[in-house]
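S.K.: Quick one: the structure is below, and I'll ask about it shortly.
Coordinate-derived values only; no laboratory data. Computed from a predicted model, the values in this text were never measured in an experiment.
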Amino acid sequence: QLLIATAGFIAILLGVIFFACRMMGTRLTAPLAVLWQNMRALADGDHSVEIAGTDRRDEIGDMARSVLIFRDAAVENQKLATARVREQEVKNQRTEQIAELCRLFERNAEESLESFVHASSE
């Protein structure tokens with residue numbers, strides 16, 4: 001009878017341990033799965049993704065805040081890259097305008113010189 005009671009106690013204890021482990025696993029794996037999805041979206045270039053878990057006060061929250069910093073840095077880098085492209089386009093336009101002005105000046109100078117030579121030969 002003692003053996004049956006001990007076996008029953010061990011079975012109940014194992015059930016409680018299994019249930020506790022299952023609850024802890026769910027409590028950890030679900031937020032990690034969401035964080036993984038957020039990181040995957042960022043890696044795919046979606047910088048509009050909301051990072052879940054940043055309000056947590058555990059290691060998962062620390063990881064989420066790190067991913068948030070990564071996302072914000074990626075957004076800033078994208079803005080800087082766009083600004084550099086625009087700046088280069090403006091420089092290219094200015095270079096083309098200066099080249100056109102130089103061609104126009106050269107053409108006008110040649111025409112003036114030809115007019116001067118033609119007028120002086122008469």
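S.K.: Helix 59-121: angle to the longest alpha-carbon principal axis of the chain, degrees 0 to 90, nearest 10?
M.R.: The angle comes out near 10 degrees.
S.K.: Quick one: among Val90, Val16, Val75, which has the greatest mean-square fluctuation in a GNM of the chain with alpha-carbon springs under 10 angstrom?
M.R.: Evaluated over the chain, the most mobile residue of the options is Val16.
S.K.: Could you work out how much longer the chain between Ile69 and Leu13 gets when fully extended? Use 0.36 nm per residue separation minus the Cα distance between them, nm to one decimal.
M.R.: Working: separation 56, 0.36 × 56 = 20.16 nm, distance 4.34 nm.
Value of the extension gain: 15.8 nm.
S.K.: Another question, if that's okay. Cut-off 10 angstrom, C-alpha nodes, Gaussian network model of the chain. Which of Ile60, Ile17, Ile51 fluctuates the most?
M.R.: Ile17
S.K.: Top mean-square fluctuation among Gln37, Gln93, Gln78, Gaussian network model of the chain, C-alpha springs under 10 Å?
M.R.: Gln93
S.K.: Please compute the length gained on full extension between Ala33 and Arg86, using 0.36 nm multiplied by the number of residues separating them and subtracting their Cα-Cα distance.
M.R.: Going from the current span to full extension adds 15.2 nm.
S.K.: Provide the gained length on full extension for the span Ala41 to Asp62, in nm with one decimal, where the gain is 0.36 nm per separating residue minus the Cα-Cα distance.
M.R.: Result for the pair: 5.7 nm of gain on full extension.
S.K.: Taking Kirkwood radius over Cα pairs in Å as the quantity of interest, determine which of (i) 15.9; (ii) 17.9; (iii) 21.5 was computed from the displayed structure.
M.R.: From the options (i) 15.9; (ii) 17.9; (iii) 21.5, the structure gives (iii).
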